[in-house]
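Student: A single structure is presented below for examination.
The values are calculated or read from the model by the stated rules, or taken from the named source; none is laboratory data. This structure is a prediction, so every number in the text was calculated from the model and none was measured. Quick reminder, even Gly has a Cβ in these numbers, built from the backbone with ideal geometry, and neighbours come from all protein chains shown. Surface accessibility is based on the protein's heavy atoms, side chains included, excluding ligands, DNA and RNA. Shrake-Rupley method; radii C 1.70, N 1.55, O 1.52, S 1.80 Å.
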Amino acid sequence: MSENANVQKIVPFEGSKLSKKEQIATMFDDIAYRYDFLNHFMSLGIDIIWRKKALGYLKSLQPKLMLDVATGTGDFAIMAEKRLHPDKIVGIDISEGMLSHGREKIQKAGLSDKITLQSGDSETISFPDQTFDAITVAFGVRNFENLEKGLSEMYRVLKPGGKLVILEFSNPTVFPIKQLYNSYFRYITPLIGKWIAKSQAAYSYLPESVKAFPQGEAMRTILTNTRFQAVTCKTLTFGICSIYCATR
């Protein structure tokens with residue numbers, strides 16, 4: 001079984017007749033109103049440092065037009081605008097609930113002329129070939145129904161010489177971080193999700209999806225097979241998170 005097939009089997013709602021894509025959209029619609037708070041709360045704010053490090057890989061490129069895939073509530077897009085100052089950022093996501101919250105945040109921040117959030121599927125990106133200077137994805141690729149298809153679409157809409165930066169959870173391998181991390185993810189995370197977001201399913205899905213997702217060398221190979229070049233992987237915070245950087 002391929003790595004991608006293994007990822008596809010992990011879904012938020014076991015027994016549901018909906019596709020993984022439909023389940024993901026429903027799940028994020030349900031938790032949209034607490035998503036940002038839970039992200040920062042459960043990572044003790046370290047996710048903000050991870051995002052800053054990921055965007056650092058694009059600084060020398062000075063991208064003018066950026067695409068943020070699986071943008072959610074637009075957190076990464078807003079940070080990208082403040083740190084990289086591109087002319088325009090487009091964020092796409094399949095959850096209208098997340099996008100709605102994101103548009104409110106962008107309007108309050110006075111960035112509506114710089115950041116546009118729109119409904120969009122990572123596997124059928126509705127932009128012409130070679131449109132964007134840079135593409136970012138923060139904690140979203142493991143939710144793709146078809147990983148290779150999503151990566152191929154990002155390759156298609158990226159300009160030659162453009163960069164893709166992916167920020168994603170990974171599984172630490174060092175004792176005792178591995179054991180502490182697994183216990184926190186397996187037992188504490190679902191309880192927090194149930195208590196704060198009223199969705200135990202969403203936060204039970206999280207550790208399962210991370211566990212099944214191809215990481216490190218396996219993910220680098222998938223990116224290389226999708227024709228990306230100069231693929232690198234940098235692990236952060238004892239391997240809890242990874243940054244994948246690739247060029248077209």
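Student: Just the residues that are under 22 Å from Pro214 (Cβ atoms), open to solvent by 40 Å² or more (accessible area, probe 1.4 Å) and in a loop (DSSP other than H, G, I, E, B), please, taken from segment 170-183.
Tutor: Asn171, Thr173, Val174
Student: Which ones in segment 131-157 are among the small types (Gly, Ala, Ser) and either modelled with pLDDT of 95 or more or open to solvent by 10 Å² or more (accessible area, probe 1.4 Å) (or both)?
Tutor: Selection gives Ala134, Ala138, Gly150, Ser152.
Student: Which pairs do you get when a residue that is closer than 15 Å to Gly162 by Cα and of a type in the set (Val, Ile, Thr), found in segment 214-232, comes within reach of a residue that is at pLDDT 95 or above and open to solvent by 60 Å² or more (accessible area, probe 1.4 Å), reach meaning Cβ atoms under 6 angstrom, with the pair 6+ apart or on two chains?
Tutor: Within 6 Å, the pairs are Val231/Arg220; Val231/Thr224.
Student: Now for a separate question. Do we find that Arg51 is within 13 Å of the chain's Cα centre (by Cα) and either on the phi < 0 side of the Ramachandran plot or open to solvent by 60 Å² or more (accessible area, probe 1.4 Å) (or both) in this structure?
Tutor: yes
Student: Take the residues in segment 1-12 that are part of a loop (DSSP other than H, G, I, E, B) and open to solvent by less than 60 Å² (accessible area, probe 1.4 Å); name whichever of them is modelled with the highest pLDDT.
Tutor: Ile10
Student: Of all residues in segment 102-130, count the ones that are among the polar types (S, T, N, Q) and buried (at least 21 other Cβ atoms within 10 Å of the Cβ).
Tutor: Adding up the residues that qualify gives 1.
Residues checked against (1) of a type in the set (Val, Ile, Thr); (2) over 27 Å from Phe213 (Cα atoms); (3) surrounded by fewer than 16 Cβ atoms within 10 Å (Cβ to Cβ); (4) touching a Phe, Trp or Tyr at 6+ places or on another chain (Cβ under 7 Å):
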residue: Ala80; (1), (2), (3), (4): no, no, no, no
residue: Arg83; (1), (2), (3), (4): no, yes, yes, no
residue: Pro86; (1), (2), (3), (4): no, yes, no, no
residue: Ile92; (1), (2), (3), (4): yes, no, no, no
residue: Leu167; (1), (2), (3), (4): no, no, no, yes
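Student: Also, quick follow-up: Leu99 - would you say it is under 24 Å from Ser242 (Cβ atoms), open to solvent by less than 10 Å² (accessible area, probe 1.4 Å) and among the aliphatic types (A, V, I, L, M)?
Tutor: It is false that Leu99 is under 24 Å from Ser242 (Cβ atoms), open to solvent by less than 10 Å² (accessible area, probe 1.4 Å) and among the aliphatic types (A, V, I, L, M).
Student: Right, something else. Within 20 Å of Asp68 (Cβ to Cβ), open to solvent by 50 Å² or more (accessible area, probe 1.4 Å) and part of a helix (DSSP H, G or I), is that true of Arg186?
Tutor: no
Student: For segment 63-78, enumerate the residues that are in contact with a Pro (Cβ under 7 Å, 6 or more places away or on another chain) and open to solvent by 10 Å² or more (accessible area, probe 1.4 Å).
Tutor: Listed by number, the residues that qualify are Lys64, Leu65.
Student: Here's something else I'd like to know. Between Leu44, Leu55, which is of a type in the set (A, V, I, L, M) and not in a helix (DSSP H, G or I)?
Tutor: Leu44
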